[in-house]
Structures are given as structure tokens and as C-alpha cells.
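Please treat every number below as a calculation from the coordinates, not as lab data. This is a predicted model, so every value here is computed, not measured. All Cβ positions, even for glycine, are placed from backbone atoms using ideal geometry, and neighbour counts span all protein chains on display.
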Amino acid sequence: MKVAGELLILAREHHTALSLADKCINAAKSTDKTEIESLCLKISQNFKMDYSEHFDTEETTIFAFLSAETAELSQLCDQLTLEHQQLYKMAGELETDSDLLEKFGQLLKSHSRTEDTEIFPKIELLSATQRREILLSSAKHAAVIKA
């Protein structure tokens, strides 16, 4: 799928998120308690800081703009915003509940894929001004760190 220029930074961040999701899922399925605990600790300490700019850009630009287009898009954007909150909550709980690691990874993976396949293609519905705002907002992001 060709990604609109305005979304390149966000798409790259999704690639990083998908890598993290796979790492979580694979670690959770392993029997290496040290790896699981280390990954859980790192995510619990860093996830919100690493992804807050990304989530904020999506919520204040893409989701806000697309929600005004159709009721269906509004509902999807509401769902994705709720998932951002769920991911923050789960990440914060990983330090004390490593059993959440696989669920966190699955949610992060499905969330990123939904945005890539259902939200990003709809950017074409937006005005040039709105698309520029997305680009300017995402260009300010600090790099998302790989776990």
C-alpha cells in the first residue's frame, strides 16, 4: 500500500510498534523469565513517553478530522482513541503483571494494523490544509525508541 507523504513518519512509527508487538508476543510465548521481565519493565517505564507524541498527533489531527467525515469513521476513531488509553494502562501494569505481555502485544499489533489499513487510506478525504497539519505535527516527533 502506498502511504501518503503526510503519513510517512507515522507509518514508520507503526513499523516500530509492530516490531515491539511481535517482540512482546514472542517473549510471552517463551519460557525465558528474564527476557519477559526485562521487556515488561522497559515497556512499563518507557511506552507512554515513547508513544505519546504519536498518539497525540493521531488524536488531535487525523482522528479529529476524519471523525467529522462520517459516523462510521467517527466510531472507528473513538475506538482507536480508547485503544490508546488501554495501551497506556496495560503498559503501566506490565511492571507488576507480566501475564499481560502477550495481550499488550496483540492489542498493539491489531491497533497499528487497523490504523494502517482503515484510517490512513482515508486521508485522501481531507483538505490540503488538514493534511499539512498532520505532516507538521508528526514532523515534531522525537524518534520512537525500539524496545
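Where does the longest stretch of the chain lie that holds no trypsin sites (Lys or Arg not before Pro) found in a DSSP loop with 15 or fewer other Cβ atoms within 10 Å? Result, exposed sites excluded: 3-139.
With each label modelled as a point 7 angstrom along the Cα→C-beta vector, the ASP56-ASP97 pair spans 2.7 nm.
Charged side chains reduced to their Cβ positions (Lys and Arg at +1, Asp and Glu at -1) give the chain a dipole of some 400 debye around its Cα centre. Across segment 57-114, the mean sequence separation of Cα contacts (distance under 8 Å, 6 or more residues apart), normalised by length, yields a relative contact order of 23 percent. Once the chain from LYS48 to SER127 is taken as fully extended at 0.36 nm per residue, the excess over their C-alpha distance is 25.4 nm.
Counting beta carbons within 10 Å around each of GLU13, GLU83, GLU35 and listing the fewest first gives the order GLU35, GLU83, GLU13.
In nm, what is the difference between 0.36 nm times the number of residues separating THR31 and GLU72 and their Cα-Cα distance? Don't skip to the end; give the middle numbers.
Numbers: separation 41, 0.36 × 41 = 14.76 nm, distance 4.18 nm.
Between THR31 and GLU72, full extension yields an extra 10.6 nm.
Take the alpha carbon gyration tensor of the chain, find the square roots of its eigenvalues, order them as a ≥ b ≥ c, and report rounded if a/c is under 1.5; if not, report prolate when a/b exceeds b/c, else oblate. Walk me through the intermediate numbers first.
On the way: a/c = 2.29, a/b = 2.00, b/c = 1.14.
Prolate, since a/c reaches 1.5 and a/b exceeds b/c.
Estimated from helices alone, the mean residue ellipticity of the chain at 222 nm is -22500 deg cm²/dmol (sum of -39500 (n - 2.57) over DSSP H runs with n ≥ 4, per residue). Take the Cβ atoms of SER38 and ARG113, set R0 to 25 Å, and the FRET efficiency comes out at 0.45.
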